[in-house]
Amino acid sequence: MNTFTWGLLKGVGFDACLARSTVTSTVTSPENHAIVLIRGLEKDGDLYLADCGTGFPIFRTVSLDFTEESPIFKDGFLEYKYVRHEGKILRMHGKGDMVKPNNPPVEGLDLFIGRWRRFYSFVPKIKPSDILSDEHFKASIYLTPFTSSPRALWFPGKRAVVIANNKLMIEKETGEMVTTVLKSDEEILKAYQDHFPQLKHDTVRRALAEWHRVSKT
């Protein structure tokens, strides 16, 4: 998603580039996520972040020209902000965060600052490479659960509709996420048909078969 976003922004004339970041949620590996940085968006020398690939709502570009932390944003069900911490910028999740913390905390995964949980971190380089190397993408494809776990989401009316594995999550007008556990492949297929009809039936079946195969290993 962010590779496409980068290419789109470059194509229409923005000074955009891809940079590495590390998501630290339930599992992690170094530099497992790419983000888009945009230079000179409003004035010379400024730096903005665009990120369309996390699966969480972020309906805006975010200025990275803050001293300690950004304003608190609320998009859909999620409250989030960005902070500077030990030479990096961290994306922090507050109210609406869907990841349950480990108890006890796991070193390298769990970092809390007050009520805020780190979602990812990156070094805000002024001149990051125009595009990440082929080696980065080849390595990352084997290190992320997203390649073996069937997921789909979109935000109609800026409210989330998510299918992740065997769970259907729909955001209500109040911002509450209501989760339904789908008890069989047929129920999962029906949910995809109802909410993501553009995905072919056979494609979803193959994704489910791969998920079941990997889950057994």
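Over the chain, what is the relative contact order in percent, taking alpha-carbon pairs closer than 8 angstrom and at least six residues apart? The normalised contact order for the chain reaches 15 percent.
Checking every one of the GluC sites (Glu not before Pro) in the stretch 14-101 against DSSP loop status and a limit of 12 other Cβ atoms within 10 Å picks out E42, E68, E86.
Along the Cα→Cβ direction, 7 angstrom out, place labels at N102 and S215. What is the inter-label distance in nm? Between N102 and S215, the label points sit 2.3 nm apart.
Here the Gaussian network model covers the chain, with springs between Cα atoms less than 10 Å apart; of T54, T24, T67, T67 fluctuates the most. Summing Cβ point charges (Lys, Arg +1; Asp, Glu -1) relative to the Cα centre of the chain gives a dipole of roughly 340 debye.
Computed about its Cα centre, the charge dipole of the stretch 145-216 is approximately 200 debye, with only Lys, Arg, Asp and Glu carrying charge at their Cβ. Of the labelled figures (i) 40, 38, 28; (ii) 52, 34, 29; (iii) 53, 39, 37, only one reflects Cα extents along the principal axes in Å as derived from the coordinates, namely (iii). A run of the chain free of exposed loop cleavage sites, with chymotrypsin sites (Phe, Trp or Tyr not before Pro) counted only in DSSP states other than H, G, I, E and B and at most 11 other beta carbons within 10 Å, reaches its longest extent at 60-141.
Estimated from helical segments only, the mean residue ellipticity of the chain at 222 nm is -6000 deg cm²/dmol, where each DSSP H run of four or more residues counts as -39500 (n - 2.57). Between the amide H of L111 and those of R118, distances stay under 5 Å, these residues lying 5 or more places away or on another chain, with hydrogens modeled in the peptide plane.
GNM on the chain, C-alpha springs below 10 Å: top fluctuator among R115, R159, R84? Most flexible of the set in this elastic network: R115. Across the stretch 145-216, the mean sequence separation of Cα contacts (distance under 8 Å, 6 or more residues apart), normalised by length, yields a relative contact order of 27 percent.
Each reported figure results from applying straightforward, stated rules to the coordinates on display, with no laboratory input. Everything numeric in this text was worked out from a predicted model, so none of it was measured. Counting neighbours? That spans all protein chains shown, and the Cβs are built from the backbone with ideal geometry, glycine included.
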